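Coordinate-derived values only; no laboratory data. Since the structure is predicted, the reported quantities are computational estimates derived from the model, not experimental observations. Note that each Cβ is placed from the backbone with ideal geometry, even for glycine, and that neighbours are counted across all protein chains shown.
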Amino acid sequence: MATPCSPRRISVCLVAVPEISSGVLHGLLEVFSFVGSGWEALTGWSAGPCRFTPRVVAAGREPFRNSIGVAILPDLSFAEAKRADIVIVSDLAIGYDEDPRGRWPEAVAWLREQQAQGALICSVCTGSVMLAEAGILDGQQATCHWAVVDMLRDHYPAVRLHPERVLVPTGNEHRLVTAGASASWTDLALYLVARFCGEEEARRTAKLFLFGDRSDGQLPFAARVRPRQHNDAAITAAQDWIALNYAAPNPVAGMTAASGLTDRTFKRRFEAATGYAPLDYVLSLRIEEAKQMLETSDDPIEAVAAEVGYAEPAAFRRVFKRSTGIAPAQYRQKFRWVVEARPRAG
């Protein structure tokens with residue numbers, strides 16, 4: 001019997017200096033800690049074979065307080081953090097009229113070493129100032145918080161600023177990524193998850209943390225929780241049948257036939273075994289498949305409806321909106337931005 005492969009591990013180093021913002025730093029730490037394992041824990045469905053190992057890295061391991069008094073607990077010193085896959089400098093508490101030149105010498109030296117070793121170097125908000133101080137952004141496109149645009153232009157004129165953009169991947173193989181104001185850390189996090197673990201994992205992360213447009217509430221982010229496990233062989237046979245035939249006409253009748261039970265007995269045992277009424281189970285399968293198609297294809301809504309068992313697109317739209325709170329076209333747009341954030345060739 002083959003043993004399952006261990007998840008691929010991606011190391012993330014989060015740079016910490018006294019000026020660092022605790023909110024973005026700890027937000028990144030939590031999100032990267034939950035990628036993969038969080039989805040499985042909360043829904044029961046297996047996630048992709050990819051996990052991040054985030055660590056806070058500073059001049060030393062000793063705890064310190066940042067500029068507003070929040071405790072920062074480093075995991076590694078710069079000397080101990082030899083090689084990272086991803087390095088992120090989050091937002092810094094730095095005034096618009098300050099001169100940052102000559103600051104953070106240890107962090108700057110370490111960032112240069114990491115870049116030389118091939119790490120993907122990222123910043124959020126005013127963190128781009130540290131990358132500029134390290135010379136990493138010389139000649140490169142970058143974005144930043146709008147409040148430090150003049151600072152960067154005055155002190156680091158070699159940086160090709162695009163402050164109107166939220167996320168700027170640049171450099172050889174897009175090994176530099178800068179993000180705009182502090183809230184754009186969520187865009188950076190999803191970009192990195194998509195880049196290293198794939199678009200599906202990025203969408204799962206967006207759904208777990210409600211990243212993106214929340215104006216329609218939480219329902220569009222909800223996923224089907226895995227039905228509970230049971231030992232009813234007849235119901236298992238019905239579930240196996242519907243997994244391959246959820247678009248069939250009269251699906252409950254087909255499930256009943258596959259189980260070998262009478263109608264009444266089947267409905268009672270199915271709900272007892274799975275926690276779903278048979279028709280609700282079918283609808284949940286159809287809606288999840290429709291979500292997947294909307295997220296990953298440009299197929300017309302009518303084609304999606306037909307693929308999941310609805311001859312009438314209007315009926316599909318009603319059922320979909322009742323389940324997710326929004327129309328299929330709105331759902332597609334809500335999760336399409338995760339895909340659009342990925343770097344393209346050329």
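Observations, loosely collected:
- Note on the chain: dipole from Cβ charges, positive end direction compared against 278, 89, 21; the farthest Cα belongs to 278.
- Tensor-based shape of region 134-201 (alpha-carbon gyration tensor, a/c under 1.5 rounded, otherwise prolate or oblate): oblate
- Under the span-like rule (Cα at least 20 Å along the axis, Kyte-Doolittle mean at least 1.6), DSSP H helices of the chain: none
- In this simple spin-label approximation, residue 8 and residue 215 carry label points 7 Å from Cα along the Cα→Cβ vector, and these lie 3.6 nm apart.
- Computed over region 221-339, the quotient of the alpha carbon radius of gyration and 2.2 N^0.38 Å is 1.12.
- Counting neighbouring Cβ atoms within 10 Å and putting the fewest first, the residues 144, 197, 50 line up as 50, 197, 144.
- R0 of 45 Å, Cβ-Cβ distance residue 237-residue 160: FRET efficiency to nearest 0.05: 0.10
- Trypsin sites (Lys or Arg not before Pro) within region 75-138: DSSP coil, no more than 13 neighbouring Cβ in 10 Å: 82, 83, 101
- Rounded to the nearest angstrom and listed largest first, the equivalent-ellipsoid semi-axes of the chain from its Cα gyration tensor are 47, 22, 16.
- When the chain is treated as a GNM with alpha-carbon contacts under 10 Å, the residue of 206, 311, 181 showing the greatest mean-square fluctuation is 311.
- Estimated from the Cβ-Cβ distance and a Förster radius of 41 angstrom, the FRET efficiency linking residue 307 and residue 147 is about 0.25.
- Selected from 225, 235, 36, residue furthest toward positive end of dipole (the chain; charges at beta carbon): 235
- Cα gyration tensor shape of region 84-188, rounded if a/c is under 1.5, else prolate or oblate by comparing a/b with b/c: rounded
- log₁₀ of I(q)/I(0) at q = 0.09, 0.13, 0.14 Å⁻¹ - region 1-158, Debye sum with one point per alpha carbon: -0.33, -0.64, -0.73
- For region 32-186, a crude dipole built from +1 on the beta carbon of Lys and Arg and -1 on the beta carbon of Asp and Glu, taken about the Cα centre, is about 320 debye to the nearest 20.
- Helix-derived mean residue ellipticity, 222 nm - over the chain, DSSP H n ≥ 4, -39500 (n - 2.57), to 500: -13500 deg cm²/dmol
- Overall, the chain carries a charge dipole of about 920 debye about its Cα centre when +1 sits on the Cβ of Lys and Arg and -1 on the Cβ of Asp and Glu, all other atoms neutral.
- Restricting region 63-116 to GluC sites (Glu not before Pro) that sit in a DSSP loop and have at most 16 other Cβ atoms within 10 Å of their own Cβ leaves 80, 98.
- Isotropically averaged projected area of region 172-292, using the convex hull of Cα atoms (one quarter of hull area), nm²: 10.3 nm²
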